[in-house]
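Data first, discussion second: the structure below is written as C-alpha coordinates.
The values are calculated or read from the model by the stated rules, or taken from the named source; none is laboratory data. Just so we're clear, the structure is a prediction, and the values are computed from it rather than from any experiment. Positions of Cβ are backbone-derived with ideal geometry, glycine not excepted, and every protein chain shown enters the neighbour counts. The accessibility values were calculated without ligands, DNA or RNA, using every heavy atom of the protein model including side chains. Shrake-Rupley method; radii C 1.70, N 1.55, O 1.52, S 1.80 Å.
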Amino acid sequence: MKKLYINTGGFDAVFNNFKESFGGKLIISANEYKLTFKSRWAKGSITGVRFEKEMTYLNFDFTFNEDVNLSIESNPFTPVFFVYCEKGNVQHSFGANGDVKGLNKNQSGIMSNSSSINSVMYFDSHKHIQFSLIGMPTMVNNEENNFVSEIRKIFTNESGNYIYIGTENHKIEQKFEELKTIPKKGTVRYLMMRNILREVLELEIAQHSYNYLSTFNPILNFASKQINEIKKLSTLSVSTVIMPLQMIRRSLQSRTLKQKYQLELKSYNQKLAS
(Lines give C-alpha, C1' and ligand atoms only; values in the text may rest on other atoms or scores of the structure.)
Protein backbone atom coordinates (compact mmCIF):
# COMPACT_ATOMS: atom_id res chain seq x y z
CA MET A 1 0.00 0.00 0.00
CA LYS A 2 1.44 3.36 -1.09
CA LYS A 3 0.24 6.45 0.79
CA LEU A 4 0.38 9.93 -0.75
CA TYR A 5 -0.47 13.32 0.75
CA ILE A 6 -1.56 16.38 -1.25
CA ASN A 7 -1.63 19.90 0.20
CA THR A 8 -4.21 22.27 -1.22
CA GLY A 9 -3.60 25.82 -2.39
CA GLY A 10 -3.33 27.60 -5.71
CA PHE A 11 -3.36 25.63 -8.96
CA ASP A 12 0.41 25.95 -9.30
CA ALA A 13 0.93 24.59 -5.79
CA VAL A 14 -1.43 21.67 -6.36
CA PHE A 15 0.28 20.58 -9.58
CA ASN A 16 3.74 21.01 -8.11
CA ASN A 17 2.54 18.81 -5.25
CA PHE A 18 1.31 16.23 -7.76
CA LYS A 19 4.70 16.32 -9.45
CA GLU A 20 6.50 15.72 -6.15
CA SER A 21 4.24 12.72 -5.46
CA PHE A 22 4.10 11.15 -8.92
CA GLY A 23 7.27 12.45 -10.59
CA GLY A 24 7.11 12.89 -14.35
CA LYS A 25 7.01 15.99 -16.56
CA LEU A 26 4.79 19.01 -15.95
CA ILE A 27 3.82 21.28 -18.87
CA ILE A 28 1.97 24.57 -18.26
CA SER A 29 0.40 26.46 -21.15
CA ALA A 30 -1.75 29.51 -20.35
CA ASN A 31 -4.39 28.18 -17.94
CA GLU A 32 -3.87 24.50 -18.77
CA TYR A 33 -1.66 22.08 -16.88
CA LYS A 34 -0.57 18.56 -17.83
CA LEU A 35 1.52 16.18 -15.76
CA THR A 36 2.59 12.92 -17.39
CA PHE A 37 4.43 10.24 -15.44
CA LYS A 38 5.73 6.70 -15.78
CA SER A 39 7.54 4.83 -13.04
CA ARG A 40 7.73 1.36 -11.57
CA TRP A 41 4.61 2.00 -9.50
CA ALA A 42 2.49 4.37 -11.62
CA LYS A 43 1.87 5.58 -15.17
CA GLY A 44 -0.62 8.04 -16.59
CA SER A 45 -1.47 11.72 -16.57
CA ILE A 46 -3.21 14.45 -14.57
CA THR A 47 -4.53 17.42 -16.54
CA GLY A 48 -6.24 20.55 -15.32
CA VAL A 49 -7.68 23.89 -16.39
CA ARG A 50 -8.37 26.87 -14.16
CA PHE A 51 -11.11 29.31 -15.08
CA GLU A 52 -10.01 32.23 -12.92
CA LYS A 53 -11.84 32.00 -9.55
CA GLU A 54 -15.11 30.61 -10.84
CA MET A 55 -14.28 26.99 -11.58
CA THR A 56 -11.49 24.45 -11.93
CA TYR A 57 -11.35 21.21 -13.90
CA LEU A 58 -9.13 18.19 -13.29
CA ASN A 59 -8.90 14.89 -15.15
CA PHE A 60 -7.05 11.89 -13.72
CA ASP A 61 -6.06 9.05 -16.04
CA PHE A 62 -3.70 6.48 -14.52
CA THR A 63 -2.86 2.89 -13.58
CA PHE A 64 -1.04 1.97 -10.38
CA ASN A 65 1.06 -1.14 -9.84
CA GLU A 66 0.17 -1.18 -6.15
CA ASP A 67 -2.78 -0.08 -4.04
CA VAL A 68 -2.70 3.68 -3.38
CA ASN A 69 -4.27 5.93 -0.71
CA LEU A 70 -4.30 9.61 -1.66
CA SER A 71 -5.03 11.94 1.28
CA ILE A 72 -6.05 15.45 0.23
CA GLU A 73 -5.97 18.38 2.63
CA SER A 74 -9.26 20.26 3.07
CA ASN A 75 -9.45 23.43 0.96
CA PRO A 76 -9.91 26.89 2.62
CA PHE A 77 -12.21 27.97 -0.26
CA THR A 78 -14.52 25.02 0.59
CA PRO A 79 -15.19 24.03 -3.02
CA VAL A 80 -18.00 21.74 -4.05
CA PHE A 81 -16.64 18.97 -6.28
CA PHE A 82 -18.68 17.37 -9.04
CA VAL A 83 -17.09 14.01 -9.82
CA TYR A 84 -17.59 11.80 -12.86
CA CYS A 85 -16.01 8.36 -13.24
CA GLU A 86 -15.14 7.43 -16.84
CA LYS A 87 -13.21 4.20 -16.28
CA GLY A 88 -12.67 1.84 -13.36
CA ASN A 89 -13.94 2.93 -9.97
CA VAL A 90 -13.14 5.63 -7.41
CA GLN A 91 -13.53 5.23 -3.64
CA HIS A 92 -13.58 8.03 -1.08
CA SER A 93 -13.88 8.62 2.65
CA PHE A 94 -13.73 11.61 4.99
CA GLY A 95 -10.70 10.78 7.12
CA ALA A 96 -8.82 7.49 7.19
CA ASN A 97 -11.47 5.89 9.42
CA GLY A 98 -14.56 7.28 7.71
CA ASP A 99 -17.14 5.30 5.78
CA VAL A 100 -16.02 4.51 2.24
CA LYS A 101 -18.28 5.47 -0.67
CA GLY A 102 -17.58 4.51 -4.28
CA LEU A 103 -18.24 5.58 -7.86
CA ASN A 104 -18.35 3.05 -10.68
CA LYS A 105 -18.01 3.66 -14.41
CA ASN A 106 -20.38 6.36 -15.74
CA GLN A 107 -21.53 7.28 -12.23
CA SER A 108 -21.31 10.82 -10.90
CA GLY A 109 -21.28 12.26 -7.42
CA ILE A 110 -21.09 15.52 -5.50
CA MET A 111 -18.80 16.16 -2.55
CA SER A 112 -17.89 19.04 -0.26
CA ASN A 113 -15.66 19.25 2.79
CA SER A 114 -15.53 22.34 4.97
CA SER A 115 -14.12 20.51 8.01
CA SER A 116 -10.47 20.13 8.98
CA ILE A 117 -10.57 16.44 8.07
CA ASN A 118 -8.81 15.28 4.92
CA SER A 119 -10.54 13.59 2.01
CA VAL A 120 -9.02 10.19 1.26
CA MET A 121 -9.21 8.50 -2.15
CA TYR A 122 -8.48 4.81 -2.68
CA PHE A 123 -7.21 3.24 -5.90
CA ASP A 124 -6.75 -0.47 -6.59
CA SER A 125 -3.61 -1.73 -8.26
CA HIS A 126 -3.45 -2.82 -11.90
CA LYS A 127 -6.73 -1.14 -12.85
CA HIS A 128 -7.06 1.64 -15.41
CA ILE A 129 -8.83 4.52 -13.68
CA GLN A 130 -10.08 7.74 -15.24
CA PHE A 131 -12.25 10.35 -13.56
CA SER A 132 -12.95 14.08 -13.73
CA LEU A 133 -13.46 16.74 -11.05
CA ILE A 134 -15.17 20.08 -11.52
CA GLY A 135 -14.52 22.32 -8.52
CA MET A 136 -16.72 25.29 -7.60
CA PRO A 137 -15.28 27.45 -4.77
CA THR A 138 -18.01 28.68 -2.43
CA MET A 139 -16.03 31.07 -0.21
CA VAL A 140 -14.74 33.59 -2.76
CA ASN A 141 -16.04 36.86 -4.14
CA ASN A 142 -17.69 36.04 -7.45
CA GLU A 143 -19.77 38.10 -9.86
CA GLU A 144 -22.27 35.23 -9.96
CA ASN A 145 -22.95 35.32 -6.25
CA ASN A 146 -26.48 33.97 -6.60
CA PHE A 147 -25.24 30.82 -8.27
CA VAL A 148 -22.41 30.31 -5.79
CA SER A 149 -24.80 30.87 -2.87
CA GLU A 150 -27.20 28.30 -4.30
CA ILE A 151 -24.41 25.75 -4.69
CA ARG A 152 -23.28 26.37 -1.12
CA LYS A 153 -26.83 26.10 0.25
CA ILE A 154 -27.63 22.83 -1.54
CA PHE A 155 -24.35 20.96 -1.27
CA THR A 156 -22.95 21.81 2.16
CA ASN A 157 -24.21 21.00 5.64
CA GLU A 158 -23.44 21.71 9.28
CA SER A 159 -21.35 18.58 9.77
CA GLY A 160 -18.79 19.96 7.32
CA ASN A 161 -18.96 16.88 5.11
CA TYR A 162 -21.36 16.13 2.28
CA ILE A 163 -21.39 13.40 -0.33
CA TYR A 164 -24.01 12.22 -2.79
CA ILE A 165 -23.61 9.28 -5.18
CA GLY A 166 -25.83 9.46 -8.25
CA THR A 167 -26.84 6.95 -10.90
CA GLU A 168 -25.58 6.71 -14.47
CA ASN A 169 -26.45 9.76 -16.56
CA HIS A 170 -25.87 9.41 -20.29
CA LYS A 171 -26.24 13.15 -20.90
CA ILE A 172 -23.31 13.83 -18.58
CA GLU A 173 -21.37 11.10 -20.36
CA GLN A 174 -22.06 12.84 -23.69
CA LYS A 175 -20.76 16.15 -22.36
CA PHE A 176 -17.43 14.62 -21.38
CA GLU A 177 -17.23 13.06 -24.84
CA GLU A 178 -17.76 16.56 -26.29
CA LEU A 179 -14.73 17.79 -24.36
CA LYS A 180 -12.57 15.43 -26.40
CA THR A 181 -13.71 16.93 -29.72
CA ILE A 182 -13.06 20.65 -29.14
CA PRO A 183 -9.97 22.46 -30.57
CA LYS A 184 -6.64 21.46 -29.05
CA LYS A 185 -5.60 24.96 -28.00
CA GLY A 186 -6.45 28.65 -28.08
CA THR A 187 -9.13 30.95 -26.73
CA VAL A 188 -11.91 29.12 -28.58
CA ARG A 189 -10.93 25.90 -26.78
CA TYR A 190 -10.96 27.70 -23.43
CA LEU A 191 -14.44 29.19 -23.95
CA MET A 192 -15.98 26.02 -25.36
CA MET A 193 -14.55 23.96 -22.54
CA ARG A 194 -15.97 26.37 -19.99
CA ASN A 195 -19.42 26.20 -21.61
CA ILE A 196 -19.46 22.40 -21.72
CA LEU A 197 -18.39 22.15 -18.08
CA ARG A 198 -21.13 24.61 -17.14
CA GLU A 199 -23.64 22.38 -18.92
CA VAL A 200 -22.32 19.43 -16.90
CA LEU A 201 -23.03 21.44 -13.74
CA GLU A 202 -26.59 22.08 -14.93
CA LEU A 203 -27.17 18.37 -15.45
CA GLU A 204 -25.57 17.47 -12.12
CA ILE A 205 -27.71 19.93 -10.20
CA ALA A 206 -30.85 18.83 -12.04
CA GLN A 207 -30.10 15.22 -11.13
CA HIS A 208 -29.60 15.98 -7.44
CA SER A 209 -32.07 18.73 -6.64
CA TYR A 210 -35.83 19.02 -7.18
CA ASN A 211 -35.86 22.84 -7.09
CA TYR A 212 -33.37 23.36 -9.91
CA LEU A 213 -34.86 25.66 -12.53
CA SER A 214 -34.12 28.86 -10.63
CA THR A 215 -30.50 27.77 -10.31
CA PHE A 216 -29.96 27.48 -14.05
CA ASN A 217 -30.70 31.06 -15.10
CA PRO A 218 -27.25 32.48 -14.19
CA ILE A 219 -25.52 29.63 -16.05
CA LEU A 220 -27.60 29.88 -19.21
CA ASN A 221 -27.21 33.65 -19.33
CA PHE A 222 -23.46 33.26 -18.86
CA ALA A 223 -23.21 30.64 -21.62
CA SER A 224 -25.16 32.84 -24.05
CA LYS A 225 -22.65 35.65 -23.54
CA GLN A 226 -19.77 33.27 -24.23
CA ILE A 227 -21.33 32.14 -27.51
CA ASN A 228 -21.04 35.71 -28.77
CA GLU A 229 -17.38 35.76 -27.75
CA ILE A 230 -16.73 32.56 -29.69
CA LYS A 231 -18.41 34.01 -32.80
CA LYS A 232 -16.05 36.97 -32.68
CA LEU A 233 -12.94 34.87 -32.18
CA SER A 234 -13.41 32.15 -34.76
CA THR A 235 -15.24 31.10 -37.90
CA LEU A 236 -15.67 27.71 -36.25
CA SER A 237 -19.32 26.59 -36.24
CA VAL A 238 -20.83 27.14 -32.82
CA SER A 239 -23.76 24.80 -33.41
CA THR A 240 -22.04 22.33 -31.10
CA VAL A 241 -22.36 24.89 -28.33
CA ILE A 242 -25.79 26.35 -29.15
CA MET A 243 -27.68 23.12 -29.74
CA PRO A 244 -26.84 21.51 -26.37
CA LEU A 245 -28.02 24.66 -24.60
CA GLN A 246 -31.30 24.66 -26.55
CA MET A 247 -31.79 20.97 -25.85
CA ILE A 248 -31.17 21.49 -22.13
CA ARG A 249 -33.67 24.37 -22.03
CA ARG A 250 -36.37 22.25 -23.73
CA SER A 251 -35.52 19.22 -21.62
CA LEU A 252 -35.70 21.16 -18.37
CA GLN A 253 -39.01 22.80 -19.30
CA SER A 254 -40.62 19.48 -20.24
CA ARG A 255 -39.30 17.71 -17.14
CA THR A 256 -40.22 20.39 -14.62
CA LEU A 257 -43.84 19.37 -13.99
CA LYS A 258 -42.97 15.68 -14.04
CA GLN A 259 -40.02 15.82 -11.70
CA LYS A 260 -40.59 18.84 -9.48
CA TYR A 261 -42.08 16.72 -6.75
CA GLN A 262 -40.21 13.51 -7.53
CA LEU A 263 -36.54 14.47 -7.41
CA GLU A 264 -35.18 14.69 -3.92
CA LEU A 265 -31.90 15.94 -2.58
CA LYS A 266 -30.53 13.24 -0.28
CA SER A 267 -27.58 14.37 1.77
CA TYR A 268 -25.19 11.98 3.42
CA ASN A 269 -24.56 13.08 6.99
CA GLN A 270 -21.10 11.74 7.59
CA LYS A 271 -19.76 11.57 11.13
CA LEU A 272 -16.49 13.37 11.43
CA ALA A 273 -13.61 10.93 11.41
CA SER A 274 -10.92 11.18 13.98
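Assorted remarks:
- Count of the stretch 54-100 residues, restricted to those that are of a type in the set (Phe, Trp, Tyr) and open to solvent by 50 Å² or more (accessible area, probe 1.4 Å), is 2.
- Pairs where the first residue, in the stretch 174-194, is at positive phi and the second is open to solvent by less than 40 Å² (accessible area, probe 1.4 Å), C-beta under 9 Å, 6+ apart: GLY186/SER234
- Test: residue in the stretch 171-183 that is of a type in the set (A, V, I, L, M, F, W, C) and over 23 Å from ALA206 (Cα atoms): yes
- Evaluation of LEU103 against (1) surrounded by fewer than 15 Cβ atoms within 10 Å (Cβ to Cβ); (2) touching a Gly at 6+ places or on another chain (Cβ under 7 Å) (one fails), failing number: (1)
- Cβ-Cβ distances below 9 Å connect the following pairs, each with a first residue in the stretch 14-30 that is without any contact (Cβ under 8 Å) to a residue 60 or more places away in the chain, a second residue that is part of a helix (DSSP H, G or I), and a separation of six or more residues or different chains: GLY24/PHE18; LYS25/LYS19; LEU26/PHE15; LEU26/ASN16; LEU26/PHE18; LEU26/LYS19; ILE28/ASP12; ILE28/PHE15.
- Test set (1) open to solvent by 50 Å² or more (accessible area, probe 1.4 Å); (2) closer than 26 Å to GLU202 by Cα; (3) not small (Gly, Ala, Ser) - LYS3 fails condition number: (2)
- Among the residues of the stretch 46-66, those identified as touching a strand residue (DSSP E or B) at 6+ places or on another chain (Cβ under 7 Å) and more than 19 Å from GLN130 (Cβ to Cβ) are ARG50, MET55.
- Close pairs (7 angstrom Cβ cut-off, 6 or more residues apart or separate chains): outside any loop (DSSP other than H, G, I, E, B) in the stretch 50-66, among the charged types (D, E, K, R) and surrounded by 18 or more Cβ atoms within 10 Å (Cβ to Cβ) anywhere: PHE51/ARG194; THR56/ARG50
- Which listed residue, of LYS171, LYS105, is assigned to a loop (DSSP other than H, G, I, E, B) and within 24 Å of VAL49 (Cα to Cα): LYS105
- For the stretch 108-119, the set of residues classified as outside any strand (DSSP E or B) and open to solvent by less than 30 Å² (accessible area, probe 1.4 Å) consists of SER115, ILE117, listed by residue number.
- Scope the stretch 6-27; condition open to solvent by less than 40 Å² (accessible area, probe 1.4 Å), assigned to a helix (DSSP H, G or I) and either closer than 14 Å to GLU73 by Cβ or among the basic types (Lys, Arg) (or both); matching residues: VAL14, ASN17, PHE18, SER21
- Lone unmet requirement of (1) in contact with a Lys or Arg (Cβ under 6 Å, 6 or more places away or on another chain); (2) within 21 Å of PHE15 (Cα to Cα) for LEU70: (1)
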